[in-house]
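One structure below.
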Amino acid sequence: MRELPKSIDADVVIEISRLLDDRAKSAPVPVHKLASMISNSVETDLPTASIEELIVEMAMTRQLPMLFDLPGADADNVISIALARAS
């Protein structure tokens, strides 16, 4: 992982790390939902977009699958492998 700029909040990095480590390795990381949870639970000046970038970088280093859930989207954008192969 790259060296973090001084504007990054260490509490946010620690919380992301904790949440990623607690997840099942096969379950996709819901990037936007996780960023929203963190911005509500950790007092930080970081915008949600910056938190999302950190989540993506940290999930990539752990080789975790990610779900890029769009805010306000009702449809689930994850397709099971079996359904994808059938089509």
Fill in the blank from the handout: By residue number, the members of the stretch 1-28 that are modelled with pLDDT under 90 and among the aliphatic types (A, V, I, L, M) are M1, L4, I8, A10, A24, A27
Problem - Residue tally, condition in contact (Cβ under 8 Å) with a residue 24 or more places away in the chain, aliphatic (A, V, I, L, M) and surrounded by 17 or more Cβ atoms within 10 Å (Cβ to Cβ), over the stretch 16-55 - result: 9
Practice task
Out of the residues in the stretch 40-67 that are among the β-branched types (V, I, T) and part of a loop (DSSP other than H, G, I, E, B), state the one that is farthest from S17 (Cα to Cα).
Solution key: T44
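The values are calculated or read from the model by the stated rules, or taken from the named source; none is laboratory data. The structure displayed is predicted, hence computed values, not measured ones. Virtual Cβ from ideal backbone geometry, glycine too; neighbours counted across all protein chains shown.
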